[in-house]
Amino acid sequence: MGNALPVTRAGNFAEWYQAVVRAADLAETSPVRGCMVIKPWGWGIWERIQQDLDRRFKETGHENCYFPLFIPLGFIAKEAEHVDGFAKEMAVVTHHRLKTIDGKLQVDPDAALEEPLIVRPTSETIIGDAFQRWIHSYRDLPLLINQWANVVRWEMRPRLFLRTTEFLWQEGHTAHVDEADAMAETHRMLEVYRTFAESVLAMPVIAGEKSENERFPGAVSTWSIEAMMQDGKALQSGTSHYLGTHFAEAQNIRYQSAEGVETLCHTTSWGVSTRLIGGVIMTHGDDDGLRLPPAIAPHQIVVVPIVRGKPEDAAVLAYAESLVAELRALSALGAPVRAHLDAKPAKPVDKRWDWVRRGAPVIIEVGGRDADGGQVTFLRRDDLVRDDGKANFHALPRAEFIAAAAPLLDSIQTGLLTEARKRRDDLLVDGIESVAGLGDYFGPDSEDADTAVKGWARVGWSRPTGEGLAAVEAALKPFALTIRNAPLDQPADPGRCVFTGDKAVEQILISRAY
């Protein structure tokens, strides 16, 4: 059985990724460079992600709200480090009207705004402005909000889902009485992301603190979850930031303590985006297309009736419809089974391969023999091909399949996580003790470089700052390497720093990244 895609992961991982996005019908580029149209199957995945995360946010005490897309330039400028971090990515609105001039529709030169508006790259500043109005007393704290929104960060090298000029995300923003409470929130939301990534996306991640040079602009500390893709590169998949009192000082976010003292709030922010869909593709996809964890598959079980314009087609369709109805009455992974009948007029083999490319976890084909014999013939997307290269069809009596459907979906979900975790752990490299050793392992970043999959290096780190940190960045640059994070789980003895030779205070992960 040949592959469903024209390119393989081993042949060209970047082109393979784009091929999966197209073949799975997830998204397409828009007329605006760097932006994307998310198609129904891709949107269905995002809906599942959004719904599950939204439930988790509300269970941890957060409420949803919404803030404007446009932010006054003056708000951004109040926090110097923040504006420096995003200056090159900001889209700016300077006029409010168009006008026909010399027969051409142009910007009206007389319609300049008194103050330019920034199309939000993130909302700390405008939400901070609201916080300073909403918060008066310690009784108002903690203030815990979240918004689901779009943001714009001008992207020079776009790639669908991974890096686009406009993307969708959620951003949580909270205010607290002190550092301890704010840090507890920072870690609580990091753990929400970690458990979500592993239990829902079946994407194993390592949670930890970002290095000084990788912090969110204006943050005191930034924490991330990092996932390893099949090409060995890291994907930062979620971040949680402790902002200290920096934004509170800029926005005058204060509360009156129980003792009557005016005190600055400590704030946090945290977010994940549609980049998670790119992570799912690169974690689970194969050379036949996407493989979706059942927890986020818009359709978990797809039933394809095999009809050929014959009298028995009516019985086949009736059998398929009743099977879908019976499956929808079941519950799996904490929700009703999402079963779908694909009755569109196309060849059954074409429909089967369409759902293979889209990554539907279970694909059932119903023919006349199945209907007559009360049988279910199906494919598991996570175990598609037999050792002899043929499609790995399974067959069960209908009642047995119905009884096994929920455990089957659970097994696929668990199996994808186990597979991805093993691959990651196999590619976590220890024992590198110098920059030269990093160079020997990863090799130079060039077209002639070794194309073998390289994983992550786990090395000692003494937390150099200033010129020392700049020297670290310069040493890593020729190999296109970055520090991903310092994992929460640390060994008793982290060894010696791979850069300075000093005694390490912790271990960090180093890799190439998206």
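Here are a few things to note about the model shown:
- Criterion (in contact (Cβ under 8 Å) with a residue 60 or more places away in the chain, of a type in the set (A, V, I, L, M) and farther than 19 Å from Tyr441 by Cα) met by exactly one of Ala492, Ala486, Ala504: Ala486
- Just one of the listed residues (Val453, Val385, Val349) is β-branched (Val, Ile, Thr), within 30 Å of Gly495 (Cβ to Cβ) and open to solvent by 20 Å² or more (accessible area, probe 1.4 Å), and it is Val453.
- Among the residues of segment 28-52, those that are part of a strand (DSSP E or B), open to solvent by 50 Å² or more (accessible area, probe 1.4 Å) and either of a type outside the set (A, V, I, L, M) or in contact (Cβ under 8 Å) with a residue 12 or more places away in the chain (or both) comprise Glu28, Thr29.
- Screening Val349, Val376, Val385 for residues that are at pLDDT below 95, among the aliphatic types (A, V, I, L, M) and over 31 Å from the mean Cα position of the chain (by Cα) leaves exactly one candidate, Val349.
- Meets criteria (more than 28 Å from Arg291 (Cβ to Cβ), open to solvent by 10 Å² or more (accessible area, probe 1.4 Å) and of a type outside the set (Ser, Thr, Tyr)) for Arg423: no
- Pair list, Cβ < 6 Å and 6+ apart or interchain, from segment 436-461 residues that are at positive phi and modelled with pLDDT of 80 or more to residues that are open to solvent by less than 70 Å² (accessible area, probe 1.4 Å) and in a loop (DSSP other than H, G, I, E, B): Gly443/Ala449
- Scanning segment 328-346 for residues that are touching a residue at least 40 places away in the same chain (Cβ under 8 Å) and either open to solvent by less than 10 Å² (accessible area, probe 1.4 Å) or part of a helix (DSSP H, G or I) (or both) yields Ala332, Val337, Ala339, Asp342.
- Condition met for Val272 (hydrophobic (A, V, I, L, M, F, W, C) and in contact with a Pro (Cβ under 8 Å, 6 or more places away or on another chain)): no
- Output for segment 9-27, where each listed residue is assigned to a loop (DSSP other than H, G, I, E, B), hydrophobic (A, V, I, L, M, F, W, C) and open to solvent by 30 Å² or more (accessible area, probe 1.4 Å): Ala10
- Taken over segment 287-296, residues that are within 9 Å of Leu409 (Cβ to Cβ) and either open to solvent by less than 10 Å² (accessible area, probe 1.4 Å) or aromatic (Phe, Trp, Tyr) (or both) amount to 1.
- Selected residue [out of contact with any Asp or Glu (no Cβ under 9 Å at 6 or more places or on another chain), open to solvent by 70 Å² or more (accessible area, probe 1.4 Å), under 23 Å from Leu235 (Cβ atoms) and not hydrophobic (A, V, I, L, M, F, W, C)] from Asp445, Asp493: Asp445
- Test for Ile364: is it touching a Ser or Thr at 6+ places or on another chain (Cβ under 8 Å) and under 24 Å from Ala202 (Cβ atoms): yes
- Of the strands (runs of 3 or more DSSP E) lying entirely inside segment 165-273, the ones with 1 or more residues being among the polar types (S, T, N, Q) and open to solvent by less than 20 Å² (accessible area, probe 1.4 Å) are found at 166-176, 221-228, 234-244, 266-273.
The values are calculated or read from the model by the stated rules, or taken from the named source; none is laboratory data. From a predicted model like this one, the values you see are computed outputs, not experimental measurements. We place every Cβ from the backbone using ideal geometry, glycine too, and count neighbours over all the protein chains shown. Protein only, heavy atoms only, side chains kept; ligands, DNA and RNA dropped before computing areas. Shrake-Rupley method; radii C 1.70, N 1.55, O 1.52, S 1.80 Å.
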